[in-house]
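Step one of this worksheet: look at the structure below.
All of the numbers you see were taken from the coordinates with simple rules; none came from a lab. Predicted, not measured: the structure shown is a model, and the values here were computed from it. When we count neighbours, we look across all protein chains shown, and the Cβ atoms used for this are built from the backbone with ideal geometry, even at glycine.
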Amino acid sequence: MEKELKNLLYAGVDLAAAASEKFQKSVTELVDKGTISPEDGKKWVDDMFTKTEERKAEFEKKYKEFTSKLKGSVKKNTEDEVEELRKKLADLEAKLAKSKGGAQNAAK
């Protein structure tokens, strides 16, 4: 499961990188055509990077919270399953002991 989450994360990072490159290329084209000034182009790109860094920090925080909760949930489920298996094993051992005791008494 962790591998799948990492792959999903990397796909998102790749998508963001591609969008960033496309944005920068578009801004460069606008500057080259004279549609916007180089200063405005720089400001747009700087703003985009600032917002991207803010979103990255938010995402990392949420990702860490999510994985922490997920690991806790998996651990809790595993502990519950182990306890349930212990109870079943104890029941089976008790039944086995009882059936052995009954078989020995019947043989006497």
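Quick notes
- Among Val45, Ala16, Gly72 the positive-end extreme of the charge dipole of the chain (Cβ point charges): Gly72
- Computed over the stretch 1-58, the alpha-carbon pair-distance distribution with 10 angstrom bins reads 22, 39, 24, 11, 4, each value a whole percent.
- Dipole magnitude of the stretch 2-77 about its Cα centre (Cβ charges: Lys, Arg +1; Asp, Glu -1), debye to nearest 20: 700 debye
- The chain: proportion of alpha-carbon pairs further apart than 19 angstrom, %: 70 percent
- From its DSSP helices (H runs of at least four residues, each -39,500 (n - 2.57)), the chain gives a residue-normalised ellipticity at 222 nm of -35500 deg cm²/dmol.
- Stretching Glu93 away from Asp46 to a fully extended chain increases their span by 10.0 nm, per 0.36 nm per residue minus the current alpha-carbon distance.
- Here the Karplus relation 6.51 cos²θ - 1.76 cosθ + 1.60, evaluated at θ = phi - 60°, turns the backbone of the stretch 35-49 into coupling constants of 5, 10, 7, x, 5, 5, x, 5, 5, 4, 5, 4, 4, 4, 5 Hz, with x for every Gly and Pro.
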